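A quick write-up on the structure given underneath.
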Amino acid sequence: MKKLLIIGVLLLTSFHINAKEVPLKDFFKYQDISNLYLSPTGEYLAAVFQDDEKYKIATLNTKTLKLIKIINVAENKEVTSLQWVNDERFLFRVRKQFGSLARPFGTGEIMASNYDGTKQMFMPSGFYVAGLLPEDPKHILGVFTSRQGYATLKKIKLYDRSAESTIASRTKGTTARTLESSPYRGPILVDHKGTIRLAVDDDQHGLQQTYYRKDKDSEWKLIQTRKEGQLGYNFISFSNDNENIYIYNEREGQKGYYLYNPESGSKELLWKDKGVVTPSLVFDNSYPIREPIGVSRHDGVPTVEYFDLSNPYSKLLSQIQAAFPDDFAFVQRSTKDGKQTLVNVVSDRNPGDFYLLDTETKKLRYLASSAPWIKPNTLAKREPISFEARDGLTIHGYLTRPIGKKKDLPLILLVHGGPYGPRDFWWYDREAALFADRGYAVLQVNYRGSGGYGTKFQYDAYRQMGAEMQDDLTDATLWAVDQGIADKNRMCIYGGSYGGYAAMMGVVKEPDLYKCAVGYVGVYDIELQNRSDIGDWEGGRYFLDVAWNIKDEDFVRERSAIYHLDKLKAAVMLVHGKADRRVPYSNYSALTSALDKIDYPYESVVEDLEGHGFYKEDNNIELYTKMLDFFDKHIGK
């Protein structure tokens, strides 16, 4: 394999530079670049960044990196994503800060701008891009979804300034022309000619029926029925010829990626899945239709497997990865001619570096870093781990130990939120990095219910919070003790959202296991989730019933920490934002009132204007300063 020539990169030695603790503010500073985007011709770059808590977009000349324009996003708004839609123009989504609340809320607003900041305008609200139109660069295809879940495909003008007048006019007049609507309530799949060919009818109560049609004049026919949690086909995209669909088949004995023909029902195997983690497709650099060339897996440290390494682009991507043996190289976007590709290199200790790949010369050019003040070789590595839970189920996770320390360590069990769908990854995690830098071992567990390990692993865990799901966390802690990693007398449990729920359930269910617990925007009384924003829509109310069993009073009392405080022995710290809509502040109020009634001491951090997780840099620095003091006090170093 030929070595890639790395241009403009300072290769760091692998040894650790002995240094003092990394300043706490370094972990919570806004990144220099949130993300970088390459234009279709490769002539321009668009960089999203924050300056004094205000979001901005900088456009640069790719060749010289000379600044072209800084585009100031409207006051109290932040950029959540950006997409080039032709050679000179991009769309970006914003969310708005309401009143004085710290974290902005999504409004569905989309704006458009040319690379030089001209012709800025609002786009119709609430759509996602279904396809570009290379032969018609003044339009794109967009899918709008009604509150009832019905999808409509529209052709949207990219330069119509009449869309600026009022919010109401953005979806009227000449800004968008309706092409067709799906007769079914749920997701749709559009082919490369801009026709809705696949549609899911979701009854919002766990039943999904998938319909397909050969073309816009054909009748719809049912091709799959599945209930929530059942194994089946996941439909991804149409093939280049619009005749077949790329699918991921979850069915036992058939797991893998296939090219599926919905007319005949035949399947051509592209890649057989032998692992436990659901992979994602890797695509080539063709334009405008990208074809899959391999899969990316994230069992522990991420890896890529290619369908055919004789494919020139597959071979080139494998060479890129070989040039970064301690990192993972994401191929973000290629130019229309395929000659340039934007690459984002990340790792467990690196928030991200951006490079430009010349696919002809095979040279990489360094562009920028997300957080250049983070020095990867000063941070601890994240080690993939696995163990067998008490019922025999294999559970995976990550262990981050202070550099140079292996045994008898004070341990923080850091529990991710969700609980259904999210998971912990190998990527840079600022909390794990901070705690390890301060001398703590950090254990993160993808307990049952976590995403990425298949449908059964996630959906079979419904209604298992406080029971089997909690046992996975307990078993992980005991595993760390048995391995000699953790000092059994110096262990804390901490998490946010569901992690906050698990932290308090951990110390009431296993009162002698943990010395302390930190509940961060946590659920402490399941019944109070009736007041959350999850209950604002029909599917959310169904989820609260089927997953959390919220209507069963006995279940709620058994699985809510607030009803078991008589068992509490550990030190407690509680953190909440009063503006939290996902886990209402009433959870904090109810728990602290109950603790006050039994005269049980606790520490707390409350911010009036924060929501579900703290957002402002100063608030986070204050919070983690207090949290580290709390850990030091109760499990020391």
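Consider Ser162 carefully, then state whether it is at pLDDT below 90, more than 14 Å from Val143 (Cβ to Cβ) and in contact with a Gly (Cβ under 7 Å, 6 or more places away or on another chain).
yes
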Subset of region 401-419 [within 14 Å of Asp472 (Cβ to Cβ) and assigned to a loop (DSSP other than H, G, I, E, B)]: His416, Gly418, Pro419
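Residues checked against (1) within 30 Å of the chain's Cα centre (by Cα); (2) modelled with pLDDT of 95 or more; (3) within 30 Å of Val481 (Cβ to Cβ):
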position	(1), (2), (3)
Ala517	yes, yes, yes
Gln529	yes, no, no
Gly540	yes, no, no
Asp554	no, yes, no
Arg559	yes, yes, yes
Ala571	no, yes, yes
Arg581	yes, no, no
Ala590	no, yes, no
In this structure, does Lys336 turn out to be over 22 Å from the mean Cα position of the chain (by Cα), among the basic types (Lys, Arg) and at pLDDT 95 or above? no
What single numbered condition from (1) in a strand (DSSP E or B); (2) modelled with pLDDT under 95; (3) within 23 Å of Thr225 (Cα to Cα) fails to hold for Tyr258? (2)
Need the failing condition index for Gly452 against (1) modelled with pLDDT of 95 or more; (2) under 30 Å from Asp273 (Cβ atoms), just the number. (1)
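A quick yes/no check of all residues on (1) assigned to a helix (DSSP H, G or I); (2) of a type in the set (A, V, I, L, M, F, W, C):
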site: Gly522; (1), (2): no, no
site: Gly535; (1), (2): yes, no
site: Ile550; (1), (2): no, yes
site: Asp554; (1), (2): yes, no
site: Asp580; (1), (2): no, no
Out of Ile385, Ile374, report the one residue that is over 21 Å from Phe27 (Cα atoms) and either open to solvent by 10 Å² or more (accessible area, probe 1.4 Å) or among the acidic types (Asp, Glu) (or both). Ile385
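Residue under question is Ser386, and the condition is that it be within 30 Å of Thr477 (Cβ to Cβ) and of a type in the set (Ser, Thr, Tyr); does it hold? Spell out the reasoning first.
Values: within 30 Å of Thr477 (Cβ to Cβ): yes; of a type in the set (Ser, Thr, Tyr): yes.
Here the answer is yes, as Ser386 does meet what is asked.
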Go through Arg390, Arg349 for me and flag whichever is buried (at least 20 other Cβ atoms within 10 Å of the Cβ), touching a helix residue (DSSP H, G or I) at 6+ places or on another chain (Cβ under 8 Å) and basic (Lys, Arg). Arg349
Before we move on, is Leu623 modelled with pLDDT of 95 or more, under 30 Å from Glu78 (Cα atoms) and either open to solvent by 10 Å² or more (accessible area, probe 1.4 Å) or part of a strand (DSSP E or B) (or both)? no
Would you point out the residue of region 114-129, among those that are under 20 Å from Leu38 (Cα atoms) and outside any loop (DSSP other than H, G, I, E, B), that is most open to solvent (accessible area, probe 1.4 Å)? Tyr128
Can we say Leu367 is out of contact with any Phe, Trp or Tyr (no Cβ under 7 Å at 6 or more places or on another chain) and open to solvent by 10 Å² or more (accessible area, probe 1.4 Å)? no
Out of (1) surrounded by 21 or more Cβ atoms within 10 Å (Cβ to Cβ); (2) more than 25 Å from Gly451 (Cβ to Cβ), the one Pro402 does not meet is (1)
Yes or no: region 269-291 includes at least one residue that is outside any loop (DSSP other than H, G, I, E, B), in contact (Cβ under 8 Å) with a residue 24 or more places away in the chain and not hydrophobic (A, V, I, L, M, F, W, C). no
Selection count where residues are of a type in the set (Gly, Ala, Ser) and either closer than 26 Å to Gln204 by Cα or in contact with a Lys or Arg (Cβ under 7 Å, 6 or more places away or on another chain) (or both), scope region 540-570: 3
Restricting attention to region 230-242, does a residue exist that is open to solvent by 20 Å² or more (accessible area, probe 1.4 Å) and among the aliphatic types (A, V, I, L, M)? yes
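The values are calculated or read from the model by the stated rules, or taken from the named source; none is laboratory data. Here the structure is a predicted model, which is why all the values come from computation and not from measurement. All Cβ positions, glycine included, derive from the backbone under ideal geometry; neighbour counts span all protein chains shown. Heads up: the accessible areas ignore ligands, DNA and RNA and are worked out on the full protein's heavy atoms, side chains in. Shrake-Rupley method; radii C 1.70, N 1.55, O 1.52, S 1.80 Å.
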